[in-house]
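Input: a single structure, listed below in structure tokens.
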Amino acid sequence: MSVGRFDRKIELPSQGKITVEGPFNPQDRNVTSGRVLFMIVQGEGQDAVMVEGEGGWEKGDRNWSAKVSRRGTRVGDGSPGDLQLGLARGIALSIVIKPGKVFGGGSKFDPPSIEALTWCADFTFV
């Protein structure tokens, strides 16, 4: 099973894109890449702001990473809202393709499989 997380502190620039990342460690050494779909939620109730993103990981990288806008949507009415300094929650789903394997002296093939992992973690924008 893979391991994925968000970094505990993520820099929130005053303008431009936010680099979101975190550790990613597929346990199958033959996995060569992964995709991470995620959302960031900050705030409470109808004023909470949500930003969606998609990132990736390539073999040899320590972290998965993505770039997103700090501008998101308020969950109460769909109006625009910005992420702010302070506590936020990241919710993510990663997908990796585990390669197939040949066995039985080369006469049989176990096809590739897809492995998914979800996680949810608090982090801080600094």
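The values are calculated or read from the model by the stated rules, or taken from the named source; none is laboratory data. Treat the numbers as computed from the prediction; the structure is a model and nothing was measured. Using ideal geometry, Cβ is built from the backbone for each residue, glycine included, and neighbour counts are taken over all protein chains shown.
Tabulated values for the structure
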read-out: Of the criteria (1) modelled with pLDDT of 95 or more; (2) more than 13 Å from the chain's Cα centre (by Cα); (3) on the phi < 0 side of the Ramachandran plot, which one ILE114 fails; value: (1)
read-out: Counted residues, segment 83-106 - those being surrounded by fewer than 14 Cβ atoms within 10 Å (Cβ to Cβ) and hydrophobic (A, V, I, L, M, F, W, C); value: 4
read-out: Checking GLY56 against (1) farther than 15 Å from THR19 by Cα; (2) surrounded by fewer than 17 Cβ atoms within 10 Å (Cβ to Cβ); (3) among the small types (Gly, Ala, Ser), the condition it does not meet; value: (1)
read-out: Segment 92-112 residues that are more than 28 Å from ASP7 (Cα to Cα), paired with ones that are basic (Lys, Arg) and in a strand (DSSP E or B) (beta carbon under 8 Å, 6 or more apart); value: VAL102/LYS108; PHE109/LYS101; ASP110/LYS101; PRO112/LYS98
read-out: Selection count, segment 66-82, where residues are of a type outside the set (D, E, K, R) and either surrounded by fewer than 17 Cβ atoms within 10 Å (Cβ to Cβ) or over 16 Å from GLY16 (Cα atoms) (or both); value: 7
read-out: Residues of segment 7-38 satisfying the condition of being touching a strand residue (DSSP E or B) at 6+ places or on another chain (Cβ under 8 Å), within 22 Å of ASP82 (Cα to Cα) and exposed (fewer than 14 other Cβ atoms within 10 Å of the Cβ); value: ARG8, LYS9, GLU11, LYS17
read-out: Matching strands (runs of 3 or more DSSP E) fully within segment 1-106 where at least 1 residues are under 25 Å from VAL126 (Cα atoms) and at pLDDT 95 or above; value: 18-25, 33-42, 49-58, 63-68, 71-74, 80-82, 86-98
